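Here is the structure we will look at.
Please treat every number below as a calculation from the coordinates, not as lab data. Predicted model only: the values in this text are computed from it and were never measured. Don't worry about glycine lacking a Cβ; one is built from the backbone with ideal geometry, like all the others, and counts go over all protein chains shown.
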Amino acid sequence: MQIEHVSRNFELSEFIKNYAEHKLERLKHYLRELDTAEDSVRVRVVYDYEKHRHRYRVDIDVYFNTPGGGVIHAWEESNDLYSAIDFVIDEVERQLIRLKSRRIEERRRQAKLESLKEHTAVEPSIQRPLIAVEPLPVDKPMTVDDARIMLEEMGSFFLPFINSETGQVNVIYRKKGGNYGLITPSV
């Protein structure tokens, strides 16, 4: 892990750099779990002091130079520089945990897709039996009301029929609310 320290508006001491680097050591555990080589991660820590508010701001950017790539950014403000460093590293750690869980979920999804591909590649050789379906009375023309009554008697969800008024094939169907819909061909 390459660490770069940048200071703005105040002099940065070696003690502060060492403190931040010591705190950043606990992130190495998550980088190993993400299958990220430590030398492919670059961390930039920016320390800023706002004189008019007497507050320190610490920004941390973690750059992943890997095929998956990505950047994690977090910042924190406090009157105490050390507590700002602690809080911002906690936020980076939370983001690394989220990134780890997303990558694990992505690997699971990819493995599931692969297993489905393997499973479906074998399955086309299996012939599925046809299910016998009761023939629909499409040959007799009927009115929309007659088709609705027949649909209720059959207990089906839809019924194609020849409309006696237009002579075209229509479909009457049952909606979720208990109403009925009619599909007619567009002319």
Lysine pairs with alpha-carbon atoms under 22 Å apart, the chain, spacing 8 or more or separate chains: 5
Modelled label-to-label distance, LYS100 and ASP86, 7 Å Cα→beta-carbon offset: nm? 2.2 nm
Based on DSSP loop calls and a cut-off of at most 15 other Cβ atoms within 10 Å, the longest stretch of the chain free of exposed trypsin sites (Lys or Arg not before Pro) is what? 54-174
Just to be sure I understand: with springs between alpha-carbon atoms less than 10 Å apart, which residue in PRO141, PRO67, PRO129 has the highest mean-square fluctuation in the Gaussian network model of the chain? PRO141
What does the helix-only formula give at 222 nm for the chain: each DSSP H stretch with n ≥ 4 adding -39500 (n - 2.57), the total divided by the residues, and the result rounded to the nearest 500 deg cm²/dmol? -12500 deg cm²/dmol
Can you check what the net charge comes to around ARG55, using other residues whose Cβ is under 11 Å from the Cβ of ARG55 (Lys, Arg +1; Asp, Glu -1)? -2
Where Lys and Arg each count +1 and Asp and Glu each count -1, what net charge lies around GLU11 among other residues with Cβ under 14 Å from its Cβ? +1
